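The values are calculated or read from the model by the stated rules, or taken from the named source; none is laboratory data. As the structure is a computational prediction, the values presented were derived from the model and not from experiment. As a convention, Cβ positions derive from the backbone with ideal geometry for all residues, glycine included, and neighbour counts pool all protein chains shown. Side chains included, ligands, DNA and RNA excluded: accessible areas come from the protein's heavy atoms. Shrake-Rupley method; radii C 1.70, N 1.55, O 1.52, S 1.80 Å.
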Amino acid sequence: MLAKRIIPCLDIKDNRVVKGVKFLGLKDAGDPVEVAKDYDRQQADELVFLDITASFEKRKTLVELVERIAKNVFMPFTVGGGINDLGDIRDLLNAGAEKVSINTQGVKFPGLIKDASKKFGSQCIVVAIDAKRQIANGISHIADKKDNKLLAISDKQKWEVYINGGRTPTGLDAIRWAKEASRLGAGEILLTSMDFDGTKDGFDIVLTKTIAASVNIPVIASGGAGSPEHFYEVFTKGCADAGLAASIFHYQEYSLKQVKEYLQERGVPVRL
């Protein structure tokens with residue numbers, strides 16, 4: 001079995017690392033380069049860097065910042081936000097990113113995913129999906145905060161895809177979009193539960209497992225990590241290939257080593 005990856009995430013706004021809850025109430029969490037260097041020292045498996053307002057503000061990702069981060073870390077990292085075309089992808093890869101994350105423009109112009117995977121290789125293309133639970137048949141699918149189980153279940157579970165940093169609903173079903181992204185050539189899915197984001201109540205196990213079962217490419221679970229146990233659950237119950245988190249690492253609630261040791265003790269393969 002391949003080792004499970006633990007990935008810190010740097011959400012960037014105005015050249016600073018920020019973190020919010022359910023995509024709102026953003027708080028400062030430090031200088032991007034210094035935060036990245038710290039995670040490099042902690043031997044993170046990878047790093048994800050998302051310029052979270054680039055698409056909404058209709059500007060390009062901060063390439064100069066990507067270059068600065070690349071010069072200061074030795075781990076692979078993925079960059080997303082404001083990617084509009086193949087030229088943007090080329091610039092970010094040349095600046096030092098190993099992979100790029102496509103969200104808004106991929107939804108608007110799916111051909112970008114196909115063209116990018118052909119030109120740069122699917123291993124470089126991550127499709128990010130920001131998904132929010134919808135009400136089906138009058139039943140709201142709300143997860144219990146204690147054990148992450150659904151309080152109500154319907155045959156028509158649905159998660160809607162949002163773009164522009166979680167600001168714009170698309171009407172697109174997340175499961176169908178994940179399948180289409182895989183068909184178009186995405187090498188990975190970065191799946192964020194908007195309902196669980198920043199809550200520290202645990203990952204959305206049902207969403208993650210549903211998407212993981214729908215595609216044959218790796219799924220990175222994001223949104224809700226609050227303890228090492230949550231990573232264990234998303235790997236063993238949610239079938240995720242990697243777990244992404246911000247708050248618990250940014251504010252030193254747990255170290256990467258603590259999470260990995262917890263997982264190793266319970267038989268989950270990780271790199272230490």
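When we screen Gln157, Gln123 for residues that are at pLDDT below 95, in contact with a strand residue (DSSP E or B) (Cβ under 9 Å, 6 or more places away or on another chain), open to solvent by 20 Å² or more (accessible area, probe 1.4 Å) and among the polar types (S, T, N, Q), the only hit is Gln157. Using the structure shown, decide if Gln264 is in contact (Cβ under 8 Å) with a residue 12 or more places away in the chain, farther than 18 Å from Phe196 by Cβ and part of a helix (DSSP H, G or I). For Gln264, the condition - in contact (Cβ under 8 Å) with a residue 12 or more places away in the chain, farther than 18 Å from Phe196 by Cβ and part of a helix (DSSP H, G or I) - is not met.
Take region 216-272 and flag every residue that is of a type in the set (Ser, Thr, Tyr) and touching a strand residue (DSSP E or B) at 6+ places or on another chain (Cβ under 6 Å).
Hits for region 216-272 are Ser222, Ser247.
Of all residues in region 193-206, at least one satisfies being touching an Asp or Glu at 6+ places or on another chain (Cβ under 9 Å), surrounded by 24 or more Cβ atoms within 10 Å (Cβ to Cβ), closer than 19 Å to Phe49 by Cα and not acidic (Asp, Glu).
Candidates are the residues of region 244-269 that are of a type in the set (A, V, I, L, M) and more than 24 Å from Leu50 (Cα to Cα); the one that is surrounded by the most Cβ atoms within 10 Å (Cβ to Cβ) is Leu263. Count of region 214-227 residues, restricted to those that are open to solvent by less than 10 Å² (accessible area, probe 1.4 Å) and not aliphatic (A, V, I, L, M), is 2. All conditions but one from (1) open to solvent by 20 Å² or more (accessible area, probe 1.4 Å); (2) farther than 18 Å from Ala44 by Cβ apply to Asp241; the one that does not is (2). In region 165-172, the condition of being surrounded by 20 or more Cβ atoms within 10 Å (Cβ to Cβ) and of a type in the set (S, T, N, Q) is met by no residue. Restricting Asn72, Asn94 to residues that are more than 18 Å from Gly185 (Cα to Cα), free of Cβ contacts under 8 Å to residues at least 24 places away in the same chain and surrounded by fewer than 24 Cβ atoms within 10 Å (Cβ to Cβ) narrows the list to Asn94. Exactly one residue out of Ile189, Ile129, Ile211, Ile175 is in a helix (DSSP H, G or I), modelled with pLDDT of 95 or more, open to solvent by less than 20 Å² (accessible area, probe 1.4 Å) and not polar (S, T, N, Q), and it is Ile211. Can you find a residue that is in contact with a Cys (Cβ under 8 Å, 6 or more places away or on another chain), touching a residue at least 12 places away in the same chain (Cβ under 8 Å) and part of a strand (DSSP E or B) anywhere in region 220-235? Looking through region 220-235, at least one residue is in contact with a Cys (Cβ under 8 Å, 6 or more places away or on another chain), touching a residue at least 12 places away in the same chain (Cβ under 8 Å) and part of a strand (DSSP E or B).
Restricting region 24-41 to residues that are touching a strand residue (DSSP E or B) at 6+ places or on another chain (Cβ under 8 Å) and either hydrophobic (A, V, I, L, M, F, W, C) or open to solvent by 60 Å² or more (accessible area, probe 1.4 Å) (or both), which is modelled with the highest pLDDT? Top of the filtered list is Ala36. Note on region 77-91: among residues that are open to solvent by 40 Å² or more (accessible area, probe 1.4 Å) and assigned to a loop (DSSP other than H, G, I, E, B), the one that is modelled with the highest pLDDT is Asp85.
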